[in-house]
1. Per residue of region 176-191, in order, report the coupling 6.51 cos²θ - 1.76 cosθ + 1.60 (Karplus, θ = phi - 60°) as ³J(HN,Hα) in whole Hz, putting x for Gly and Pro.
2. Local charge sum around Leu381 (other residues, Cβ-Cβ under 15 Å, Lys/Arg +1, Asp/Glu -1)?
3. Using a Gaussian network model on the chain with a 10 Å cutoff between Cα atoms, which of Phe180, Phe279, Phe352 fluctuates the most?
4. Report relative contact order for the chain in percent, whole number only (criteria: Cα-Cα under 8 Å, sequence separation at least 6).
5. Based on the Cβ-Cβ distance of His245 and Tyr42, what FRET efficiency does E = 1/(1 + (r/R0)^6) give at R0 = 56 Å, to the nearest 0.05?
6. So, with +1 on the Cβ of K and R and -1 on the Cβ of D and E, and no other charges, what is the size of the charge dipole of the chain about its Cα centre, to the nearest 20 debye?
7. With viscosity set to 0.890 mPa s at 25 °C, what whole-number translational diffusion coefficient in µm²/s follows for the chain from Stokes-Einstein and a Kirkwood radius over Cα pairs?
8. Apply 1/(1 + (r/R0)^6) to the Cβ-Cβ distance of Asp182 and Ala80, taking R0 = 25 Å, and write down the FRET efficiency to the nearest 0.05.
Amino acid sequence: MKSTELRLIDALLDMWAGMPIDQISARALVHEAHSAQAAIHYHFGDMERLYAAASAAALTQAEGWMAERLAALAPLAQVAVTPALQCAVISATIADWAVFQRPLAMAARHAPGPQWERSHRAFWTRLAALIGLGDHADTLACYAHGEGARHLLVWNPVLDRALLEETTAALVTWLAARRFGDEGVRMVHRTLARADYREPLHPGAGERAGIAEAAAHLLAAQGHAGVTFRAVAARAGVTLGKVVHLVGTKSQLLALALHRLYEREALGGDPEQFQAQRFAPQAMLAMVLEAVLAGSQPVLAAYHEIERAIYNGADHAPLRGVVRAMEDPSGTWALTQLMGGQVPTASLVAAFSAILRGIGHRAVHAADPPEALRAAAQAALRPFLAPA
């Protein structure tokens, strides 16, 4: 029989893997673990320490999975690995991690830290060398983080896997031959996901629209903890009673924030306004590095908060579909500048966006010196930089 400590840890890992984040609580946890609420305090002190213990336990299991994966791929070091096989290995590894190791993958998302980042980086560095992409290890490690986070969003498993494979192929095709890959799967996924998407809470106009915008801002800036009735009322410039009257419950307030945040980030960009601004590739690289490494890029924070909120729960499935294949006008513009004016395909933009997210995650959680973070980020983005 498992000890109470192990039951609580296992219950938390299961809840991270399958329960909406706003439903996770100490009460729900002890119910899942068949324990008493006092057991959390007795064995761990508080929920924060329990989170840390669950994260550590998941990391130990994850490192075992990584070692097994590398052992299975070790024979590839003896042969020439083609781009097609590189794509297959990368896609299968990301998919297996997100699908078959979901509790571990979700632990890494909910309770990240320096050791998770070091293990992830070491794993993908060794895998990159095995499949002939050792020169692009930083690019691949950052891509795997960002695209792996996306693949945890399950909308239509068959189309989701096809989208992952096409995005990976776009990256590998660019790394191998500086050619653009296909984007047909992304266009189909985007079209069908949009048809499935229905915003459940329309902000409308007036005070309700202001409340939606205020809630979205707080969600991007402060995470779920920041989206309270009182904070939203203060941000929107209305009374607390007005927010309660127009929205109703805390879950509805969070849903309103999520959907407004998606609409703002996916559809708020003006492609013509972006394209009117021109920067030399090196200047664009400096701007991107400054924004991502300094944590001043709100789109990255928005993606992170949207994803964590909608990973689980049937009500969020339509939103997961559109978030996976959402348009990225700012990413398209930035990548176009980096590449010296070449307009990339949507699939390559998605790969680039995943890499940026990996860089941003490393900057927050790796605990590396600033100069090391910057050097690694430059190495990750170097394949996209047009020759001087």
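Just so it is clear, none of the values below were taken in a lab; they were calculated from the coordinates. Remember, predicted model here, so these are calculated numbers, not experimental data. Cβ placement follows ideal geometry from the backbone for every residue including glycine, while neighbour counts extend to all protein chains displayed.
1. Rounded to whole hertz, the list is 7, 9, 6, 10, 7, x, 6, 9, x, 4, 4, 5, 5, 4, 5, 5.
2. Counting the neighbours of Leu381, the net charge comes to +2.
3. Between Phe180, Phe279, Phe352, it is Phe279 that shows the largest mean-square fluctuation.
4. Taking the mean separation of contacting Cα pairs over the length of the chain, I get 22 percent.
5. Efficiency, from the Cβ-Cβ distance: 0.85.
6. On the way: 33 positive and 35 negative charges, 43 e Å.
Taking the Cα centre of the chain as origin, the dipole is about 200 debye.
7. Numbers: Rh = 22.0 Å.
Translational diffusion coefficient: 112 µm²/s.
8. It comes out at approximately 0.55.
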